[in-house]
Amino acid sequence: VAGLKDHGDEVPFPAMSPAGIEELTDEQQDKQNAAKAQGAEALEEGNLELALEKLTEAISIGAASALLYARRAQVLMKLDRPRAAANDCTAALAINPDSAKAFAIRARAYKKLDRIEDAHLDFQTALKLDYDEQVYEESLEVEAKVKELKAAAVGKRNAEEKAEAARLLEENRQKYVAGLKEREGEYKEKADAEKAEKDKVESERRERVRKRESEEKAEKEKEAKADEPGVPKSHGPPEDVD
């Protein structure tokens, strides 16, 4: 099944049932039954590797049932191969969507893979299809973890929202301060321009006063020279004498 790799990626998934084989011949059925029996016997003896080998042999013959995939998934879980186990359970559910056993085993596999929400969903589905006390007990632990994850997610979201609010507040404060500085600059520029204009007007006024005073002084000096003794006064042009 796409999207699943074996736990640790160290071992490829065991072979699946060949596509296109929907019904077995009597000979194939006998071989499959024999392989399943040998797998069950090996499992009872605790020989997990042999059990996996025989169940894979049975599946490889073709037309594997949902129960056969679920049995191999159980062995894979005992061999600490949860990804491969989940893969087999998904194959089982494609054959029988109402397999509570496949849902329960896949839930355990997802739990081991830390896919807690997926595990919770599969546990709940398994319990709805066929209530089992052990599955229920396992589901409680996963349900508690789901609540913890949701609480952590809410806490994280609240912290992020608080940080974002603080960031926006600081950003607005900086914009406000920048605006004040800009307006202060504009006011100063305007004040400087007004002062320069006043200084110019005052300078021009002083220059006019200085010029007028200079002219008045020159005129007074001229008049003073005219009043000095020995300096003939001008009385205009002489009159004609007949």
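For TYR131, indicate whether it is over 26 Å from THR56 (Cα atoms), in contact with a Leu (Cβ under 8 Å, 6 or more places away or on another chain) and either aromatic (Phe, Trp, Tyr) or crowded, with 22+ Cβ neighbours inside 10 Å (or both).
Numbers: over 26 Å from THR56 (Cα atoms): yes; in contact with a Leu (Cβ under 8 Å, 6 or more places away or on another chain): no; either aromatic (Phe, Trp, Tyr) or crowded, with 22+ Cβ neighbours inside 10 Å (or both): yes.
So TYR131 does not fit the description; no.
With respect to being at pLDDT below 90 and either in a helix (DSSP H, G or I) or hydroxyl-bearing (Ser, Thr, Tyr) (or both), GLY155 fits the description. Among the numbered conditions (1) more than 31 Å from the chain's Cα centre (by Cα); (2) part of a loop (DSSP other than H, G, I, E, B); (3) free of Cβ contacts under 8 Å to residues at least 60 places away in the same chain, the only one that ALA94 does not meet is (2).
Among the residues of segment 28-60, the one identified as over 27 Å from ALA107 (Cβ atoms) and surrounded by 21 or more Cβ atoms within 10 Å (Cβ to Cβ) is GLN32. All told, GLU117 falls short of being over 23 Å from VAL146 (Cβ atoms) and without any contact (Cβ under 8 Å) to a residue 60 or more places away in the chain.
Determine if segment 108-124 includes at least one residue that is more than 34 Å from the chain's Cα centre (by Cα), at pLDDT 95 or above and in a helix (DSSP H, G or I). Give the steps one after another, and end with the answer.
Of segment 108-124, the ones more than 34 Å from the chain's Cα centre (by Cα) are none.
Checked against the condition, which is being more than 34 Å from the chain's Cα centre (by Cα), at pLDDT 95 or above and in a helix (DSSP H, G or I), segment 108-124 yields no hits at all.
Please work out which residue is farthest from the chain's Cα centre (by Cα), limiting yourself to segment 7-24 and to residues that are surrounded by 10 or more Cβ atoms within 10 Å (Cβ to Cβ) and farther than 23 Å from PRO82 by Cβ. Result: LEU24.
The values are calculated or read from the model by the stated rules, or taken from the named source; none is laboratory data. As the structure is a prediction and not an experimental result, all values here were calculated from the model. Because the Cβ atoms are built from the backbone with ideal geometry, glycine has one as well, and the counts that use them run over all protein chains shown.
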